[in-house]
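The values are calculated or read from the model by the stated rules, or taken from the named source; none is laboratory data. As the structure is a computational prediction, the values presented were derived from the model and not from experiment. Counting neighbours? That spans all protein chains shown, and the Cβs are built from the backbone with ideal geometry, glycine included. Side chains included, ligands, DNA and RNA excluded: accessible areas come from the protein's heavy atoms. Shrake-Rupley method; radii C 1.70, N 1.55, O 1.52, S 1.80 Å.
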Amino acid sequence: MRKLSKQAQRKQWAQDKPAMTMGIDVGDRFSHVCLLDDEGEVVERDRVRSTEAAFRRHFEGAPRLRIALECGTHSPWMSRLLKQLGHQAIVANARKVPTITQSESKNDGRDAEQLALMAAFNPKLLSPLEHRSLLRQQDLNLIQARAILVKARTMIVNALRGLVKSAGGRLPACSTESLPDRAAGAVPPALTDVAGPLVEQIARLNLQIAAMDQQIEKLAIKYPEIGTLRSAPGVGALVAAAYVLTLDRPNAVPSSRSAGAFLGLRPGQSQSGDSDPQRRITRTGNTYLRCLLVQSAQYILGRFGPDCALRRWGLKLAQSGGKRAKKRAIVAVARKLAVILLSMWRSGQRFQPFPLSAPAAA
């Protein structure tokens, strides 16, 4: 989907503005709604059960509305349904609307009214988001489900190793996939009944995660850009698929250089006058994708990382100090990798270990 420029987007909103505006504060069981007329006065306050059937009854056949709702668990299906019913749905990025998230007199009805007022005056104030399609969301759910299983497996492995240590034993250092076979002879006899179910659960999770990995490999058939991104060092099928499905489209951010900031890998800013302190990264955006990029950066700077300009640049940063410099270098390489991947996606070109400078390319 083509992303409109800011001027074109504002022009489209102005030309396509319905007569009345509504704000919806989405709740898990009930959602509060506030309807405004063309002068910004409250016409109606109500609450609707947060189900598809209730929303369809409330909005089907109603006059066309501009509806603003917060981004959350229910906002994808709600926005799709409202658009299907002919309304103009705007999904607000709640993290960037401090008047709602940081209000000292916060309640559901007031939040709904605040959303409606901002949408009526200028939707840009809501930092609107555009949800991915249902098909892409289902493919992304596969990656998210795999992440949950990996996290559960890690917790069980750590618990098993702790139990064995408490009994004076020690499990062998090995991969998680081979742990169920190698743990059989390392578990003390006194812990057999307790450790057995944990070992069985690890083996079962290994099979489930391996099956999901095969499904993720097949996503490259559906999304050819995944194959292009996999040419970068440290980027496998999982990282490439997570990158493509999380950003959803190559023009999700204004420029390739903004990819790092979009994923929360850029240091925060608090500049005022002559004061410009160095701050930590913002950690906004998708947490899981950010972790995957950091893991890729660790591989690039590790002993098995292939020689390339990105690796040399990161090692040079890491040599400027101790452990702190190494950690900063990993984050810097992850940020630069995010930029490189988006540039590759946009151009369709595979990774170049040593890209030519502009004069040399000319």
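Do any residues in segment 322-337 that are of a type in the set (D, E, K, R) have Cβ atoms under 7 Å from those of residues that are open to solvent by 80 Å² or more (accessible area, probe 1.4 Å), where the two are at least six apart or on different chains, and which pairs are they?
Arg335/Arg266
In segment 156-180, what count of residues is obtained for those that are in a helix (DSSP H, G or I), within 35 Å of the chain's Cα centre (by Cα), exposed (fewer than 15 other Cβ atoms within 10 Å of the Cβ) and of a type outside the set (A, V, I, L, M)?
Looking only at that region, the number is 2.
Pick from segment 293-346 the residues that are of a type in the set (S, T, N, Q) and surrounded by fewer than 13 Cβ atoms within 10 Å (Cβ to Cβ): which of them is modelled with the lowest pLDDT? Walk me through it before giving the result.
Filtering segment 293-346 down to residues of a type in the set (S, T, N, Q) leaves 295-296, 298, 319-320, 343.
Those left that are additionally surrounded by fewer than 13 Cβ atoms within 10 Å (Cβ to Cβ): 319-320.
On the way: Gln319: 89, Ser320: 78.
Among them, the one singled out is Ser320.
Name the residues in segment 279-337 that are among the hydrophobic types (A, V, I, L, M, F, W, C) and part of a loop (DSSP other than H, G, I, E, B), would you?
First, the residues of segment 279-337 that are among the hydrophobic types (A, V, I, L, M, F, W, C): 281, 289, 291-294, 297, 300-301, 304, 308-310, 313, 315, 317-318, 325, 329-334, 337.
Within segment 279-337, Phe304, Cys308 qualify.
Here is a list: Val199, Val194. Which entry is without any contact (Cβ under 8 Å) to a residue 60 or more places away in the chain, among the aliphatic types (A, V, I, L, M) and open to solvent by 60 Å² or more (accessible area, probe 1.4 Å)?
Details: Val199 fails: open to solvent by 60 Å² or more (accessible area, probe 1.4 Å).
Criteria check complete, one pass: Val194.
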